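Before any comments, here is the structure.
A short reminder: the numbers here are calculations on the coordinates, not readings from a lab. What you are looking at is a predicted structure, and each value in this text was computed from that prediction instead of being measured. Every residue, glycine among them, receives a Cβ derived from its backbone with ideal geometry; neighbour counts consider all protein chains shown.
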Number of protein chains: 2
Amino acid sequence: MTRTVPRRPAVRPRRSLCPVSCTLDAIGDRWSLLVVRDLMRGKRRYAEFLESSEGIPTNILADRLKRLQASGIVTSQRYSSHPVRLEYHLTPKGEDLRPMMRAMVEWGVRHAGARMPPPLPPRE
Amino acid sequence: MTRTVPRRPAVRPRRSLCPVSCTLDAIGDRWSLLVVRDLMRGKRRYAEFLESSEGIPTNILADRLKRLQASGIVTSQRYSSHPVRLEYHLTPKGEDLRPMMRAMVEWGVRHAGARMPPPLPPRE
């Protein structure tokens with residue numbers, strides 16, 4: 001007998017029409033916004049995300065890139081065909097997470113003992 | 001033989017000193033900021049959080065209230081002794097999540113098909 005493991009859908013169903021809830025349905029986890037942060041800081045490639053100091057596991061990175069693309073926050077394009085390799089970019093919807101990211105940086109520095117990072121580069 | 005299930009610590013260890021990562025260590029999940037939203041909107045009691053339209057499960061609500069208190073974002077005080085019942089409030093650290101919450105509301109309305117909510121009440 002073959003058992004299929006149900007996979008979580010790449011885009012989570014909405015829990016309500018509250019904008020906080022809808023936003024959390026898209027990026028409410030411990031890792032998605034770290035990938036968005038890396039993209040804002042100019043990282044583009046799978047291996048670059050893996051180098052970040054939080055040590056994102058490869059299976060989580062693959063899952064979050066898939067979800068962020070399904071949510072329209074990230075887009076990808078090939079930079080090599082043999083083998084196929086992809087570069088990732090923020091869409092305008094992803095770029096529009098910058099005010100939230102700035103608010104998180106400020107709160108983290110004020111209240112969570114974090115270090116102030118160097119300023120983010122401007123949008124491309 | 002008795003098996004003990006290892007419990008997750010109420011405060012997660014830091015993954016790095018990046019402020020985005022430190023913030024996500026505290027509130028990076030699908031539910032914590034919905035409890036914070038409810039507190040900003042004046043909800044105080046366990047039963048009131050359970051009424052919110054996302055339908056937070058009781059075990060998750062209890063866990064998130066415990067974590068938010070351990071992180072210094074929420075505080076509680078008794079309003080009944082027999083039986084013991086608690087009311088919850090945001091600390092100044094929790095109140096300081098308002099700019100992040102506003103940024104999430106704006107992003108959710110612009111990009112996630114959410115409805116604009118009524119304005120948040122001012123701080124108490």
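Say a paramagnetic label sat at a point 7 Å from the Cα of B:R115, along Cα to Cβ; which residues of the range B:32-68 have their backbone N under 14 Å from it? Output list for this probe position: B:53-54.
A Gaussian network model of chain A, with springs between Cα atoms under 10 Å, assigns the largest mean-square fluctuation among A:S81, A:S52, A:S71 to A:S81.
Return the Rg/Rh value of the range B:19-111, two decimal places, where both radii are evaluated on C-alpha atoms and Rh is the Kirkwood radius. Answer for the range B:19-111: 0.97. Over the protein assembly as shown, what number does the Rg to Rh ratio reach, with both radii from the alpha-carbon atoms and Rh per Kirkwood? For the protein assembly as shown, the value is 0.99. If only the Cβ of Lys and Arg carry +1 and only the Cβ of Asp and Glu carry -1, the dipole of the range A:33-89 around its Cα centre is close to 160 debye. Counting from the shortest, the label point at B:K66, 7 Å from Cα toward Cβ, is 3.2 nm from the same position in each remaining copy. Charges were assigned to the Cβ only: +1 to each Lys and Arg, -1 to each Asp and Glu. The resulting dipole of the protein assembly as shown about its Cα centre is roughly 460 debye.
Distances from B:E51 to itself in the other copies, using label points 7 Å out along the Cα-Cβ axis, amount to 5.3 nm in increasing order.
Exceedance of the 25 Å cut-off in Cα-Cα distance is limited, within the set A:K43/A:K93; A:K66/B:K93; A:K93/B:K93; B:K43/B:K66, to A:K66/B:K93; A:K93/B:K93. Placing dummy labels 7 Å off each Cα toward the beta-carbon, the span from A:R41 to B:E51 is 4.4 nm. With the simple model of a label 7 Å out from the Cα in the direction of the Cβ, B:I60 to A:A62 spans 2.6 nm.
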